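The values are calculated or read from the model by the stated rules, or taken from the named source; none is laboratory data. Since the model is a prediction, treat every value here as computed from it, not as a measurement. Methodologically, a virtual Cβ is constructed for each residue, glycine included, from the backbone with ideal geometry; neighbour enumeration extends over all protein chains shown. For accessibility, only protein heavy atoms count, side chains too; no ligands or nucleic acids. Shrake-Rupley method; radii C 1.70, N 1.55, O 1.52, S 1.80 Å.
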Amino acid sequence: MGYAHAYANAVMRRGRVPMEPADFVPDWADRPRKGRFHPGAERFPLPDSDAPPTATVQDGLFGGPGDGAFTLPLLGGMLQDSYGLTGRRLAVQANSDLGTLPFYTHANWSRGTASGGGLYPIGIHWAAGPSGPLTPGVYHYATPHHSMERLLAGDVSAEVRAALGDPDGFPETDQFLVLSVKFWQNAFKYNSFSYHVVTMDIGALLATWRLWAQARGLRVGAAFWFDEERIGRLLGFSPQEEGVFAVVPLRWEGEPARQGATGGGARVGLADQERSRRVFTFETVRLIHEATLEGAAVRPPAYALTAALARPAPARGEVVPLPAPQPLDLGVREALRSRRSSFGRFTSTLPMTAGQLSAALAAAAAGADLGSDVQAADGAAPARLYVFVNHVEGVPPGAYAYDPAQGGLRLLKAGPQGAFLQRNYFLSNYNLEQAGAVITAAAPTPAVLDAVGDRGLRLVNASVGAVSQAVYTAASALGLACGVALGFDCVSYAEELGLDSSGEIPLLIMMVGHERPHPADFSHAIA
């Protein structure tokens, strides 16, 4: 049994047994930057794509991938709408940082993709081959400037392709997006828990890309198994400080150029400049990262998760049918730019409709698919959805399991759930009992780890992060408020939902509903 089992168990029980170091206090004055900083890097502004009215959230989630090809404007549009900074926001809400937000140094910038606990970044690098529009090389996406920074000149696409191998269903191309994590940028706040958070952030970003691309007839899929040390070496990473978590091959317009020889000696020399005077490493983060590196270059069979995800459906309780999901007709760009966290502003005065709940659950189920290189033969996602219904028209309060095939709910426990929800939430920034419903994503993490090894932890968490992004985006399209949280007692949720037999671990809660009217908000768009 690998270390990932122990880490997953520690995450599940952290509400009762704090993860070490339990006495760690973040030094906010010495916090790292919310992005990479490469002094002296040549910067190239990215163009933007149009936002066609036909590119709706409905198409992005349920339309299926197309066979279109990326261009520079399409790539620029996808990066802008997913991770580019789009505005500054102020709002009277229940989060603890409210008093500092009016100061520019603590400004709250918005973007299309959510992340755990703040605007902490996933690094996006573009390994551009000769078939693309830029000089071949390695580029970094600078989110505040919506531009590409050139870190290395020269074609290294064959090196990335060799490290990736030949996963089924991925295009022949010389253009790759590489997603990385600099651990300190999140660990300065969450210490040992940070690895759990950033692996979900990877999935949230991939979910935005898949939704954005599918709405425009493009295909985006992510590989989680590849020679990580080889790509990390190319990018100039120290494996103790940074990791490569996903590679996304892009089908590019025109014929891909012939692959040249691998550039085994090429290496990015323009290093990221750290802002923090003191950088800490955490033993737990080191151990779980080392565990997920083992066997990274040996991809399991494409359908290795089939047995692990074939757990029986909950059998107890009556089935409550849901109406057809309300269509998500809002444009993808508009939905992403209006996405935000509610932070304690839910109200039960106006209940959700059953059609809205049906749409949010259908979006969550569809969004879990990352198009990854290892999955289940029947397309089953790692996460199963449960929902605590508080205030939904036509649906009695209670705890339910969602059946995506039938589009209905199976009752697990009848009666109001508000007291349970609030009692088992650690923080004070959400009023869970006022939300219309609280959706819970639970996954059989131990079974996945047994099937594909410790690296499967990244895939499970990424799928759950993708679910959260799909719910956020669907809520925007439905005109609902939304919030996502990790600060709950997973053990109590597992007991309440009766998950002992399935081996599932509750990993994330997503609140949806209506907000109090006439909020005190300020929003200044910069994109």
Inset, instruction - Look through 292, 281 and report the one residue that is in contact with a Lys or Arg (Cβ under 8 Å, 6 or more places away or on another chain), closer than 20 Å to residue 233 by Cβ and either open to solvent by 30 Å² or more (accessible area, probe 1.4 Å) or modelled with pLDDT of 95 or more (or both). - result: 292
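From the list 333, 299, 345, which residue is farther than 20 Å from residue 458 by Cα, open to solvent by 20 Å² or more (accessible area, probe 1.4 Å) and not acidic (Asp, Glu)? Break it down into steps so the answer makes sense when it comes.
Values: 299 fails: farther than 20 Å from residue 458 by Cα; 345 fails: open to solvent by 20 Å² or more (accessible area, probe 1.4 Å).
Exactly one residue qualifies, and that residue is 333.
Quick one: which of 502, 468 is surrounded by fewer than 23 Cβ atoms within 10 Å (Cβ to Cβ) and under 30 Å from residue 291 (Cα atoms)? Spell out the reasoning first.
Details: 468 fails: surrounded by fewer than 23 Cβ atoms within 10 Å (Cβ to Cβ).
Of the residues listed, the single one that is surrounded by fewer than 23 Cβ atoms within 10 Å (Cβ to Cβ) and under 30 Å from residue 291 (Cα atoms) is 502.
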Inset, instruction - Kindly provide the set of residues from the stretch 178-214 that are surrounded by fewer than 24 Cβ atoms within 10 Å (Cβ to Cβ) and among the aliphatic types (A, V, I, L, M), ordered by number. - result: 179, 197
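Does residue 381 qualify as being under 17 Å from residue 507 (Cα atoms), in contact with a Lys or Arg (Cβ under 6 Å, 6 or more places away or on another chain) and buried (at least 23 other Cβ atoms within 10 Å of the Cβ)? Steps first, please.
Working: under 17 Å from residue 507 (Cα atoms): yes; in contact with a Lys or Arg (Cβ under 6 Å, 6 or more places away or on another chain): no; buried (at least 23 other Cβ atoms within 10 Å of the Cβ): yes.
Considered against the rule, which asks whether it is under 17 Å from residue 507 (Cα atoms), in contact with a Lys or Arg (Cβ under 6 Å, 6 or more places away or on another chain) and buried (at least 23 other Cβ atoms within 10 Å of the Cβ), residue 381 comes out as no.
Can you pull out the residues in the stretch 135-153 that are small (Gly, Ala, Ser) and open to solvent by less than 30 Å² (accessible area, probe 1.4 Å)?
137, 142, 147
Could you tell me whether the stretch 441-449 includes any residue that is open to solvent by 20 Å² or more (accessible area, probe 1.4 Å) and either assigned to a loop (DSSP other than H, G, I, E, B) or modelled with pLDDT of 95 or more (or both)?
Taking the stretch 441-449 as the starting set, the residues that turn out to be open to solvent by 20 Å² or more (accessible area, probe 1.4 Å) are 446-447.
Right, trim to either assigned to a loop (DSSP other than H, G, I, E, B) or modelled with pLDDT of 95 or more (or both) and you get 446-447.
Yes, there is a match, as at least one residue in the stretch 441-449 is open to solvent by 20 Å² or more (accessible area, probe 1.4 Å) and either assigned to a loop (DSSP other than H, G, I, E, B) or modelled with pLDDT of 95 or more (or both).
Working only within the stretch 194-245, note down all residues that are of a type in the set (Ser, Thr, Tyr) and assigned to a helix (DSSP H, G or I).
From the stretch 194-245, those of a type in the set (Ser, Thr, Tyr) are 194-195, 199, 208, 238; that's our starting set.
Hits for the stretch 194-245 are 194, 195, 199, 208.
Working carefully through the options 271, 310, 246, 304, find the one that is farther than 15 Å from residue 159 by Cβ, touching a residue at least 24 places away in the same chain (Cβ under 8 Å) and buried (at least 21 other Cβ atoms within 10 Å of the Cβ). Please lay out each step first, then the result.
Numbers: 271 fails: buried (at least 21 other Cβ atoms within 10 Å of the Cβ); 310 fails: buried (at least 21 other Cβ atoms within 10 Å of the Cβ); 304 fails: buried (at least 21 other Cβ atoms within 10 Å of the Cβ).
Every option except 246 fails the conditions.
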Inset, instruction - Answer yes or no: is there a residue in the stretch 428-438 that is aliphatic (A, V, I, L, M) and modelled with pLDDT under 95. - result: yes
Legend entry - Output for the stretch 1-59, where each listed residue is small (Gly, Ala, Ser), open to solvent by 30 Å² or more (accessible area, probe 1.4 Å) and touching a Lys or Arg at 6+ places or on another chain (Cβ under 7 Å): 51
Inset, instruction - Quick one: in the stretch 388-416, of everything that is under 16 Å from residue 351 (Cα atoms) and buried (at least 18 other Cβ atoms within 10 Å of the Cβ), which residue is nearest to the chain's Cα centre (by Cα)? - result: 388
Legend entry - Filtered residue count, the stretch 365-414, keeping only those that are assigned to a loop (DSSP other than H, G, I, E, B) and farther than 24 Å from residue 461 by Cβ: 9
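Of all residues in the stretch 285-342, which are assigned to a helix (DSSP H, G or I) and among the hydroxyl-bearing types (Ser, Thr, Tyr)? Quick ask: steps written out before the conclusion?
So the first thing to find is which residues in the stretch 285-342 are assigned to a helix (DSSP H, G or I), and the list is 285-293, 332-338.
292, 338 - these are the residues of the stretch 285-342 that are assigned to a helix (DSSP H, G or I) and among the hydroxyl-bearing types (Ser, Thr, Tyr).
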Inset, instruction - Take residue 17 and decide whether it is of a type outside the set (Gly, Ala, Ser) and either touching a His at 6+ places or on another chain (Cβ under 8 Å) or within 28 Å of residue 293 (Cα to Cα) (or both). - result: yes
Legend entry - Options 486, 478: the member that is open to solvent by 10 Å² or more (accessible area, probe 1.4 Å) and more than 30 Å from residue 4 (Cβ to Cβ): 478
